[in-house]
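The values are calculated or read from the model by the stated rules, or taken from the named source; none is laboratory data. Just so it is clear, the structure is predicted and the values come from calculations on it, not from any experiment. Don't worry about glycine lacking a Cβ; one is built from the backbone with ideal geometry, like all the others, and counts go over all protein chains shown. Ligands, DNA and RNA are stripped out before the accessible areas are found, and what is left, the full protein with its side chains, is counted by its heavy atoms. Shrake-Rupley method; radii C 1.70, N 1.55, O 1.52, S 1.80 Å.
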Amino acid sequence: MKYRITGLIWTILLSVLIFAGCTSTDTSQESQVHVSQNTNQATQASAIETQHENIQDDNQQVTETSQVQATTQENNDVRGELQVHFIDVGQGASQLIIGSSGKTFLIDAGNNSQEEEIVAYLRKNGIQKIDILVGTHPDADHIGGLDAVIDNFEIGKIYMPKVQSNTKTFEDVLLAIQRKGLKVSTAKAGVTLDWEPDAKVQMIAPVRDYEDDNDMSAVLKLTFGEISFLFTGDAESKSEHDMINSKVDLKSDVLLVAHHGSKSSTTEAFLDVVKPSFGVIQVGKNNYGHPAPEILERLNKRGVKVYRNDLHGDIVFITDGKNIKVSHTKDGKEEATAVSRTQEETQEKQGTQATQSKETTETVVYKNCTEVRQAGKAPLYRGDPGYSRKLDRDGDGVACE
């Protein structure tokens, strides 16, 4: 439900989202604004000025930490495992990341209707604190459950892009932030986050301001050893174009396919730069045509192994910095794939995987889905023995479902 915001809500908005007054000309620095409960303008101005002084000190620490992280990544010297959970929130998005030392990172939290499921999922995984919380943009299917997360868990830092909305959902998030007396830092390109010493987390977008809230989505790249993940929110073609032109390293092993597989995102040019081995589409039952057939075909043409929440349930990637193991909950299926990828090995590995997939497919041939079901192999996923496009009539990467 949308409506105009007045009175207290405008005060909260101004307290939370006066990012412009605290931004630095150095795009690698963060801008923070304290969510004050005092509505006196003079007091607010003083508080903001004080926060600005504190920001400079905080950013110096972040920069120093980033240098340590960069050195660690160059040596590919990581310990333990990193977990990335693509939580099944229906037609929405939420990603939980658990670092090798146990620190946590949550990007988005699905719709309002999914907030109880989000809280339960976090508790099931032993989460007590979210060290970094990111709301990629104000759409309800991304930030709807953030207020419940803020209310139920200890929160470290919060990042949101410099964009606002006049919805009840957005108001609820701001009120939750206010109740906890938390700060909001600007999510924008050039910010490197202080999280795990063995992991590097960079904000890739938004590169600039856009009229479309989707293009204002916070986009993050997470690198752990030789393995990297790209989280894209609902970023569309304009943002993708600017990310490419920014010359930042976008190449990633696992890509969160933007905007639930919408045809307005995941351009050919973007995929050619990212070169993912795996793609995850956070999607549920919807009337938007997500994921779009042309996006699925685009991914398939590049040999990207696709996982979808509507088909696979909760999807979890676990990596030791060299290999990736993927598990999902819909059918209990689990698979492990070695994807140690250096710059020189990328194309060779993709070619080898494509050849192996073709050989495997040709080893077992089913005439129709009846034979598949009689063999107890249904459904077949792209790359499984016996999978073929002939059996996958809707081209979604799953045959005989």
Revision key, fill the gap. For the range 93-126, the count of residues that are closer than 16 Å to Asp141 by Cβ, assigned to a helix (DSSP H, G or I) and open to solvent by less than 10 Å² (accessible area, probe 1.4 Å) equals 1
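Please enumerate the residues belonging to the range 85-103 that are within 17 Å of the chain's Cα centre (by Cα) and not aliphatic (A, V, I, L, M).
The answer is His85, Phe86, Asp88, Gly90, Gln91, Gly92, Ser94, Gln95, Gly99, Lys103.
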Exercise for review: Would you point out which residue out of Val207, Val173, Val191 is touching a residue at least 12 places away in the same chain (Cβ under 8 Å), within 30 Å of Asp77 (Cα to Cα) and among the β-branched types (Val, Ile, Thr)?
Suggested key: Val191
Check your understanding: Would a scan of the range 298-308 turn up a residue that is touching a residue at least 24 places away in the same chain (Cβ under 8 Å), open to solvent by 40 Å² or more (accessible area, probe 1.4 Å) and touching a Pro at 6+ places or on another chain (Cβ under 9 Å)?
Key -> yes
Review point. Could you list, in sequence order, the residues of the range 133-189 that are more than 17 Å from Pro206 (Cα to Cα), among the charged types (D, E, K, R) and crowded, with 24+ Cβ neighbours inside 10 Å?
Key: Asp141
**Study point:** Selection status of Thr232, surrounded by 21 or more Cβ atoms within 10 Å (Cβ to Cβ), of a type outside the set (A, V, I, L, M, F, W, C), touching a Leu at 6+ places or on another chain (Cβ under 8 Å) and under 21 Å from Gly135 (Cβ atoms)
**Key:** yes
Review point. So which residues in the range 104-133 are in contact (Cβ under 8 Å) with a residue 60 or more places away in the chain and within 16 Å of the chain's Cα centre (by Cα), if there are any at all?
Key: Phe105, Ile107, Asp108, Asp131, Ile132
Review point. Quick check, is His290 of a type outside the set (Gly, Ala, Ser), within 14 Å of the chain's Cα centre (by Cα) and either at pLDDT below 95 or open to solvent by 30 Å² or more (accessible area, probe 1.4 Å) (or both)?
Key: no
Check your understanding: Residue check: is Lys238 in contact (Cβ under 8 Å) with a residue 12 or more places away in the chain and surrounded by fewer than 24 Cβ atoms within 10 Å (Cβ to Cβ)?
Key -> yes
Practice item. Hey, could you check the range 357-388 for residues that are modelled with pLDDT under 75 and open to solvent by 100 Å² or more (accessible area, probe 1.4 Å) and say which is nearest to Val254 (Cα to Cα)? Key: Lys358
Review point. Checking Leu271 against (1) more than 15 Å from the chain's Cα centre (by Cα); (2) within 23 Å of His328 (Cβ to Cβ); (3) open to solvent by 10 Å² or more (accessible area, probe 1.4 Å), which test does it fail?
Key: (3)
Check your understanding: Does Thr267 qualify as being over 29 Å from Ile158 (Cα atoms), at pLDDT 95 or above and not hydrophobic (A, V, I, L, M, F, W, C)?
Key -> yes
